[in-house]
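Have a look at the structure below, then the notes.
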Amino acid sequence: NKEEQWRVVLHNDEVHTFNYVIRALTKSIGTLDRKRAFDICVATHGVGKATISTVHKKQAEQYCLGLQRVGLTVSISPDKNFEGGHSGGGFS
């Protein structure tokens, strides 16, 4: 019985620079490098939101809280219920 996967979703804001978001993403999520974080920023800026990662719920909650603490707008959603056309560019 595989644990359900959850998406960690970054939402666009008009406050933070790409550089700030890239630093926050790479610092909070050790598996992301700067290139992938930049691609997530571009997708978020273009369509309003993008998937940062798809992980088990407890990890998704930890990522979400960590990114919210540094001021980013982040949410989590069960992967199977994700709405938004998977426009996150497949960053999972």
Lone qualifier among 40, 22, 52 - being of a type in the set (Val, Ile, Thr), farther than 17 Å from residue 79 by Cβ and in contact (Cβ under 8 Å) with a residue 12 or more places away in the chain: 22
Can you find a residue in the range 25-36 that is touching an Asp or Glu at 6+ places or on another chain (Cβ under 8 Å), of a type in the set (S, T, N, Q) and open to solvent by 10 Å² or more (accessible area, probe 1.4 Å)? yes
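The values are calculated or read from the model by the stated rules, or taken from the named source; none is laboratory data. Small disclaimer: the values here were computed from a predicted structure and weren't measured. Cβ: placed from backbone, ideal geometry, glycine included. Neighbour counts: every protein chain shown. Heads up: the accessible areas ignore ligands, DNA and RNA and are worked out on the full protein's heavy atoms, side chains in. Shrake-Rupley method; radii C 1.70, N 1.55, O 1.52, S 1.80 Å.
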